[in-house]
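Working notes, structure below.
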Amino acid sequence: MVQAISTSSCCNILFSKSHRSTFPHSLHRFNHYSPSFAHRISTDVQRKAVELPLPETVTQQVQNKEQRKTQFAIENLTSWLLKQELAGNIDAELTIVLSSISLACKQIASLLQRSSIINLTGGQGTINVQGEDQKKLDVISNEVSLCFQWVLFMSFGIIASEEEDIPVAVEETYSGNYIVVFDPIDGSANIDTALTTGSIFGIYGPDEQCLIDLDDTSTLDQAREKCIINVCQPGRNLLVAGYCLYSSSVVFAISLGKGVFAFTLDPTYGEFVLTHENIKIPESGKIYSFNEGNYDLWDDKLKNYLDHLRQPGSNGKPYSGRYIGCLVGEIHRMLLRGGIYGNPKNKNSKNGNLRLLYECAPMSFLIEQAGGTAIDGVQRILDIVPEQVHQRTPIFIGSPDEVQKLQKYLA
């Protein structure tokens, strides 16, 4: 869907030269009365002295200091965004935008966790603009995202979502002029079975043409048309992209164009905590993610590539097939473990199944920021200019070495 969200100190008793100089005097008294008793004490004390831990070296002190820093210097998403603002990487308006999206993600995560209890599983009984059955949570998540955007004074000029027929323009009185695209629930078919789902978002730069004067009815349609045109930008124009993964953990990943950072939701405090800093995708990987149920619908070149992956490699093992049915889940695994994900065109869908603007472009932005590659089989995903808001595209994305191998088969 698209919407345009210490150290403990311990006392070590050590026998230094000064201790040894006084120690014999204390034993002389025992020697005077009982030499054997004095000998036993001397032996026991020496044994204990040997067993006591040695003082920390400078290196150990530094390591312990770093460990304390790791344990206690926790950085949450809010403080991280403020640091980015102070560094000049984002402005105050964009900070509010990202805060609103993160809050929406928390609310969606809560709805997902309670979906079976509060009767949010199953279909809504409606069809979206893509011709797909809408799940109850599809619609509710879309509304949640819009709600948070308004509550936080809306720094968006226009919003494009998978659940909206056309981009939603925000009233000028309340809006900013960022263009936001997002998919509130990716992988909604997984909701009923409590499997992985996610949210995807992308943010484009300010554009005065997206500030619509609702009072001027004579130019309203023209202004909206211009605004829609401005939504259809290539992914290379993205300022920010990210996703939120709803699984065993809730993970909020984001890129401001300077690396990829991931924050894990701590349910105790309700805060996203920085857990993955400047993620780098492995150069290669032994996992492929394709919906092989469509194998017979693919062209021969792609079939040959898949057949190659199934054959034992130099290590005697073939690639492992993993398919979640949720783009966010596939990309999250790809970022951490490497490999390749593909959603190709087929005989029934000449452009694949994924939307370019609010699914493929944001994810391709993230992957490239982590050092990966994303193509449609011919060209770079981020270079494609959408002609329609809900335009679809084939996509192959992942580790650079794996995508390069695929290109050789498709050439």
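Just so you know, all these numbers are worked out from the coordinates, no wet-lab data involved. These figures come from a predicted structure and were not determined experimentally. With ideal geometry, Cβ positions are generated from the backbone for all residues, glycine too; neighbour counts draw on all protein chains shown.
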Exercise. Would you order Asp91, Asp307 from fewest to most other beta-carbon atoms within 10 Å of each residue's own beta-carbon?
Key: Asp307, Asp91
Practice problem: Quick one: order Ile200, Ile90 by neighbouring beta-carbon count within 10 Å, fewest to most. | Solution: Ile90, Ile200
Self-check item: Over 30 Å between alpha carbons, listed pairs Lys286/Lys345; Lys350/Lys405; Lys317/Lys408; Lys106/Lys405; Lys280/Lys317; Lys83/Lys286
Solution: Lys106/Lys405; Lys83/Lys286
Quiz prompt | Lys317-Tyr295 pseudo-label distance in nm [points 7 Å out on the Cα-to-Cβ vector] | solution = 2.1 nm
Self-check item: Arg310-Lys405 pseudo-label distance in nm [points 7 Å out on the Cα-to-Cβ vector]
Solution: 1.6 nm
Quiz item: For segment 278-300 and segment 337-408, what is the separation of their C-alpha centers, rounded to whole Å?
Solution: 11 Å
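Using the number of other C-beta atoms within 10 angstrom as an exposure proxy, rank Val385, Val273 with the fewest first.
Details: Val385 12, Val273 15.
Sorted ascending by nearby Cβ count, the order is Val385, Val273.
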